[in-house]
Amino acid sequence: MDRKRSARYYVYMSASFLAYGVAAILGGIVSYAFPAVGESYYLGVLVMSLPSIAGGFVAGYVAERLVSDHPLRLGVLLGLGAFIVSVVMSMMLSGRFEGAIWVAISYFMGVSFGGWAKVHSSPSRGKRLMS
């Protein structure tokens, strides 16, 4: 693997872990602040999808800043990476993983929107890792 592809791989992997970390922290805060969310299925899906969208947004914004890539491609690759990290961590911590389709859609949406927001925001002042 050449140097450019290796750096891109590390950016994607670290952004995937960042997306999961932000989503896990926000998910813990939301579940602590609103314990009655689990009573309604659709309200629970809506409220618990927001941390994954926020985590994906942060990771997509940061990764797009380092790697110039199309936001949709970034969304698919980072969303898939964040979903895999989320499944593995959930299985290791609790032994189960629920709501897989909602988590995957939330990560894909958040990362794509974060990459799109970075592309359409003011030009970055820092140097990109790859063009």
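Only the coordinates and a few stated rules stand behind these numbers; no lab work does. If you're wondering where the values come from, they're calculated on a predicted model, not measured in any experiment. Here the Cβ is made from the backbone with ideal geometry for all residues, glycine too, and neighbour counts use every protein chain on show.
Positive-end ranking of LEU74, SER86, TYR42 along the dipole of the chain, with charges on Cβ about the Cα centre, is headed by LEU74.
Taken about its Cα centre, the chain carries a charge dipole of about 740 debye when Lys and Arg each add +1 at the Cβ and Asp and Glu each add -1 at the Cβ.
To the nearest Å, what is the center-to-center distance of segment 1-47 and segment 64-96, using C-alpha atoms only? With segment 1-47 and segment 64-96 each reduced to a Cα centre, they are spaced 8 Å. Label sites at PHE34 and LEU80, each approximated as a point 7 angstrom past Cα along Cα to Cβ, lie 3.2 nm apart.
Helical runs assigned H by DSSP (4 residues or longer) give the chain a calculated mean residue ellipticity at 222 nm of -27000 deg cm²/dmol, each run adding -39500 (n - 2.57) before division by the residue total.
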